[in-house]
């Protein structure tokens with residue numbers, strides 16, 4: 001396993017442990033994080049931490065099941081195909097996701113997740129039910 | 001460039017040339033193709049050809065701009081991050097997409113595209129305008 005894929009796996013382990021500090025150690029100071037259909041782009045560690053805390057608060061348990069992962073040896077870009085699962089009010093909500101991660105010196109400087117925004121709406125409805 | 005990434009690049013070149021036969025040569029007979037938020041899963045070359053022809057008919061010109069691509073040397077899975085552009089009634093419509101490609105013996109046996117379904121609704125509205 002290459003170094004950059006290893007960093008992305010640490011990021012995912014951090015989500016599953018709900019460990020914000022472990023998650024944040026994976027990012028550069030100037031990193032950007034965006035859920036492509038939702039916007040906005042979260043820029044910098046302060047904004048990313050707030051976004052991460054928001055998502056962590058959605059689920060009583062969180063699982064990111066990685067189906068496939070690949071890394072470009074020249075650019076260092078890592079991509080993965082996942083099912084992200086959130087336990088919300090006793091029900092597991094799942095969303096299919098594809099993630100793109102750009103890294104610099106062993107840290108993620110850009111993270112873009114691709115998925116259908118209606119999945120997020122469905123999660124929110126469950127949260128408010 | 002590895003062999004599987006090369007096959008995916010041939011697929012994309014086929015779309016841009018609007019060459020259905022070139023596109024279909026990239027797939028195994030039993031391939032599956034799905035736009036994850038839209039469904040259904042198109043199974044087999046006949047169903048995929050019909051789906052491809054449907055999408056090709058949407059745009060007078062088509063561009064798939066690949067921003068990043070990566071391949072897993074063990075599984076052979078290729079992923080890319082793209083902006084797919086369709087010229088519809090004189091306007092370029094764009095959608096951000098992440099694609100996942102599983103290959104077998106140099107042909108694509110599974111293709112899954114991740115994007116926001118509302119983009120597709122926007123394309124259809126432009127087609128009907």
Checklist line | Residues in the stretch B:16-39 that a label on residue B:58 would reach, taking backbone N under 19 Å of a point 7 Å out along Cα→Cβ | finding: B:16-21, B:23-24, B:32-39
Item checked: Quotient of C-alpha Rg and 2.2 N^0.38 Å, computed over the protein assembly as shown -> 1.02
Margin query: Compute the helix-to-body angle for B:117-128: its Cα long axis versus the longest principal axis of chain B, expressed 0 to 90° and rounded to tens.
Written below: 50
Notebook entry, point to check: Got a sec? How would B:81, A:105, B:16 order by Cβ neighbour count within 10 Å, fewest to most?
Noted result: A:105, B:16, B:81
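Can you give the average number of partner chain beta-carbon atoms within 10 Å of each beta-carbon in peptide B:64-71, as a whole number?
Working: counts 0, 0, 0, 3, 9, 5, 16, 5.
The shielding value for this peptide is 5.
Calculate the all-directions average of the projected area of chain B's alpha-carbon convex hull, and give it in nm². Can you show the working numbers first?
On the way: hull surface 28.8 nm².
For the Cα atoms of chain B, the hull's average projected area reads 7.2 nm².
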Checklist line | Angle between chain A longest axis and helix A:44-56 axis [Cα atoms, degrees, rounded to 10] | finding: 40
Notebook entry, point to check: How far is helix A:3-16 tilted, in degrees, relative to the longest principal axis of the Cα atoms in chain A, given as a value from 0 to 90 rounded to the nearest 10?
Noted result: 20
Notebook entry, point to check: Counting other C-beta atoms within 10 Å, which of A:15, A:92, A:111 has the fewest, and how do the rest follow?
Noted result: A:92, A:15, A:111
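Where a number appears in this text, it was derived from the coordinates with a stated rule and is not lab data. Computed from a prediction, not measured in an experiment: that's the story for all the values here. Reconstructed Cβ throughout: ideal geometry from the backbone, glycine too, with neighbour counts over all protein chains shown.
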